[in-house]
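Quick notes on the structure that follows.
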Amino acid sequence: MDGEILCISLGGSVISKKDGPNVQYVDKFAELIARHGDKKLIITVGGGYTAKAYVEASRGFTSNNFLLDEIGINATRINAMLVRNAIASRTGGVFHSIPIDVEGIRRGIEVSRIVVLGGLVPGITTDAVSIIAGELAGSKTLINVSNIAYVYDRPPEEQGAKKLERITHEELIGLATKYDQRVARSNFIFDLVGAKLAGRSKMSIFFVDDSIDELGKLLEGKEHNGTVVESD
């Protein structure tokens, strides 16, 4: 991972809880990023409970999934602002705003070491956005941070679910095809669009849970606990 632009998809489930922002995690995450001042990063932040609360409230007024997705996207941008400000309070080189389109991402990459963003387009999750941003930047590595470290062969709450240590992009696409519903706030660990984009660009995906220590291992290029997705 040395010398390349790294992409991090920071799941909303990690930083946005029912009782509010997970400030303790955001603080530790920002501190970790600041310690790795040699790395160029694109960090895409999910919606978490902030998105869930507003999407569910809005379902009482509309069944339009496009509009519900727009609400979720705005929630991701609020979370991204929190993360961006936390990192900027500890280190320099952080892009001054949250990009809302591809040109904004391009500009951020050109002038800054760290770019933090949320969602972009209805129907496309922040997982897929992180891959799009990575393709734009020529990155070959995505670190996916969520509340679970492993991809499973079926929903992990089901009896007999088996965690997968290493899988191919095609295997991830197969699982996402089966379990990703493409409806706001219905969650498979990685969405189908993102899985296909990662496959076409041969971008390796390293899954990790909310352990700052495990994320630190990945940033240092060490072995970690979590699924690794690579091409054949």
How do the pairs read when you match residues in the range 13-28 that are closer than 17 Å to residue 52 by Cβ with residues anywhere that are among the charged types (D, E, K, R) and surrounded by 15 or more Cβ atoms within 10 Å (Cβ to Cβ), using Cβ under 8 Å and keeping only pairs 6 or more apart or on different chains? 14/210
Given the conditions (1) under 20 Å from residue 44 (Cα atoms); (2) surrounded by 14 or more Cβ atoms within 10 Å (Cβ to Cβ), and given that residue 147 satisfies all but one, which numbered condition is not satisfied? (2)
Cβ-Cβ distance below 7 Å, separation of 6 or more or different chains: which pairs start in the range 87-114 with a residue that is assigned to a loop (DSSP other than H, G, I, E, B) and end on one that is acidic (Asp, Glu)? 90/31
Residue that is modelled with the lowest pLDDT [pool: residues in the range 106-126 that are among the hydroxyl-bearing types (Ser, Thr, Tyr) and crowded, with 24+ Cβ neighbours inside 10 Å]: 125
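The values are calculated or read from the model by the stated rules, or taken from the named source; none is laboratory data. Every value quoted in this text rests on a predicted model; they were computed, and no experiment measured them. We place every Cβ from the backbone using ideal geometry, glycine too, and count neighbours over all the protein chains shown.
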